[in-house]
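To start, the structure itself, in structure tokens.
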Amino acid sequence: MKNGKISVQIEDMFPLIKKSLYSDHDIFLREMVSNATDAMSKLKTIAMGSEDEASLKDFDEKNLKVEIKLDEEGGTLTISDSGIGMTEEEIEKYINQVAFSGAQEFLEKFKDAEGIIGHFGLGFYSAFLVSKKVEILTRSYKNGSKLVKWACDGTPDFTIEDVEDDSFRPYGTDIILYLDDESKEDFGKKNKIKQLLEKYCKFMPFPVVFGKKTKWDSSLGKQVDTEEDDIINHKDAIWTINPQDLKDEDYKDFYRYMYPGEDEPQFWIRLNVSEPFTLKGVLFFPKTKDKEFFVKRNKIQLYCNKVFVTDIMEGIVPDYMQLLFGVIDSPDIPLNVSRSYLQSDKDVKKISGYISKKVADKLKSLLKEDRKKYEELWDDLRTFINYGILTDDDFWNRIKDAYIFKDTEGKVFTYEEYKTLIAPEQTNKNGDVVILYTTDENEQFSAIESAKKKGYSVVVLDEKHLDIVVLQTLESKLEKTRFARVDSNVILKLIEKENDDEKVDEQTSEALRAAFGKVLNNPESGVYYNINVAHLGDEELPAVVSQNEWNRRMNDNKKYQSSMWFGMGENYNMTLNIDSKAVSKIAKEILKKIESDLPAIEGDIDEKQKALDKVNEELKDVKWEDRTEEQRKSLETAEKEVQDARKKKTELYESAAEGNAVIPQIIDIGLLGAGKLKGENLFKFLKRSVNFIK
């Protein structure tokens, strides 16, 4: 027996492995199985190559497998392979001298070989994450090699010796882990080991065997072992197969295997690049239902040569790409590092950019090659696309040619197509093309009809697909384009034209604002209506309720970004249509009733305003902090006298309109048209309407 110390270049290598190189103890099994498949990949390469070893004359690839055995009572876990094995000299080099890695030397010798994982060096020492002692039993494939046993208890001390065991195979390696007490509670259970194998090893290139398959024995009333090996990795890594050898059903079958219970994918994208990095994979676009898109994250799995690395892709791929499903496999991604390292790795960042471009190219090609299908899929794609535009500055430039709109007639357009269509009619006086949209064709029906009468087109957007949240970003990307909800203003104000604003007599406007404001604005309701009077045409409703586009967007954005947006409160506009006979009649009746009293009140207002103007003129050059108490009091008194005089005028209008049964009816017509009349108020409106027709 030979005793010695492991050659390390820094002190306390084992604590370093536990604390720094590996952020998750689970991966020890991944490393052990990876090393085993690595050893068999090397053996396969040698057997097929120029090296001639008598021990390989009966080589059969079918015999290559990794076998995992758990002794729950003894607390050991054994990982066996039928790979190249090691001589005592190779153990000294690749196990005892931690600073070296046998994979690099092997790759240089067989540089054309593919699929070799090559992480044996430090990867082997992950065994000590869960073990108080590790043994290696190994025999090299080389002629005349002896069976060698190596043992280490987690300190730099080790033993190595030749042993006799006629039952051991001609070549290969057993790694025996003596689980420590803490690890036995977790990794000493069969279910846990199977779970880890299924997580990390389901696409390994050689069979990974863990026990036997079971069947139900009705006579015993329990599951019993069969003679058939339970092979963990029974599914092919579809991303490594030539696309020409695959049918659509192969992709769907793989998707069902990876994501049981999910609806079939909409379509998929194959990834394949060799320069400046190596990457293969397949990404699936899932079917979506409302906001569940955001619930189903972390469905992309990252692999390194078919070895699972992680499915927590935050910081590794763009945030919006996490809404997709699938597999990304790259040998340029290191196995034995933490996720934070992956996030900063330059190759990972290159991969992220490539995937984003590949997805955008696929969407554009789908639109070009099968536009009908693309239009049908739009509702399932738009959340992903909008999220990408919101979170990735470069994504819009990649996807803009595939961004589409559907109008209320069911017709579909790209942005450029739609802009060309509507520009002649929907360009405002500032030269901006205004895209009108609706989020609810039933609730906003009257506004849509008004727009159609003007010859305007309206597109249909949906809040749950982030259509509204993305508008501000689109406006910043699209030249001379803005969006306005079709009910965000009266139709004449939505797309303002030159010389398009016919003024309403100020006295008429004041009278109507006062009369309707008295009935409409209840301080206890928490909702405020700003009342305007305008010429809307005799075919328009007598009152139109709208909410400013900017205010509406702030409130809509608050639903998705509550930490950033405060909202703008419940503020609306009600525009009274002076061209309506009912509104015009009310205005005339009010002015007729107060025609004898109004001149005196207006004279008083003029007098008080002149007094206020005089005080302001006297104080215009005196800063507020330099004014005397008498000066401040004088200004305050003058301002209050103007307010009181104007208040008397408002009260005069309100008094003249008091008891007018048509005013609440017109108000409710406006609210009803905007979908704001509900519950008790709707019931009262209906009762009044019945009384009107009696």
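The values are calculated or read from the model by the stated rules, or taken from the named source; none is laboratory data. Here the structure is a predicted model, which is why all the values come from computation and not from measurement. Neighbour counts run over all protein chains shown; Cβ positions are idealised from the backbone, glycine included. Side chains are part of the model used for accessible areas, which takes the heavy atoms of the whole protein and leaves out ligands, DNA and RNA. Shrake-Rupley method; radii C 1.70, N 1.55, O 1.52, S 1.80 Å.
Points worth noting:
- Out of Ala543, Ala611, Ala582, sole residue that is of a type in the set (A, V, I, L, M, F, W, C), touching a Pro at 6+ places or on another chain (Cβ under 9 Å) and modelled with pLDDT of 90 or more: Ala582
- Residues satisfying the stated conditions in the range 175-189, i.e. under 36 Å from the mean Cα position of the chain (by Cα) and of a type in the set (D, E, K, R): Asp186
- Some residue of the range 681-690 being within 53 Å of the chain's Cα centre (by Cα), outside any loop (DSSP other than H, G, I, E, B) and in contact (Cβ under 8 Å) with a residue 40 or more places away in the chain: no
- For the range 353-372, a residue qualifies if it is surrounded by 19 or more Cβ atoms within 10 Å (Cβ to Cβ) and polar (S, T, N, Q), and exactly one does: Ser356.
- Considering residues of the range 190-227 that are farther than 24 Å from Lys133 by Cα and among the hydroxyl-bearing types (Ser, Thr, Tyr) only, the residue nearest to the chain's Cα centre (by Cα): Thr214
- Members of the range 497-513 that are open to solvent by 70 Å² or more (accessible area, probe 1.4 Å) and closer than 26 Å to Val434 by Cβ: Glu498, Asn499, Asp501, Glu502, Lys503
- Lys44 being open to solvent by 40 Å² or more (accessible area, probe 1.4 Å), modelled with pLDDT of 85 or more and in contact with a strand residue (DSSP E or B) (Cβ under 7 Å, 6 or more places away or on another chain): no
- Some residue of the range 126-144 being at pLDDT below 85 and within 46 Å of the chain's Cα centre (by Cα): yes
- Filtering the range 233-262 to residues that are in contact with a Lys or Arg (Cβ under 6 Å, 6 or more places away or on another chain) and not in a helix (DSSP H, G or I) leaves Asn233, Ala237.
- Within the range 620-627, none of the residues are open to solvent by 80 Å² or more (accessible area, probe 1.4 Å), at pLDDT below 90 and among the aliphatic types (A, V, I, L, M).
- Positions within the range 139-154 being open to solvent by 50 Å² or more (accessible area, probe 1.4 Å), outside any strand (DSSP E or B) and not small (Gly, Ala, Ser), in sequence order: Lys142, Asn143, Lys146, Asp153
- Residue selected from the range 272-292 under the condition open to solvent by 50 Å² or more (accessible area, probe 1.4 Å) and modelled with pLDDT of 80 or more, by the criterion nearest to Lys349 (Cα to Cα): Thr278
- Residue match in the range 188-202 (condition: without any contact (Cβ under 8 Å) to a residue 24 or more places away in the chain and open to solvent by less than 80 Å² (accessible area, probe 1.4 Å)): yes
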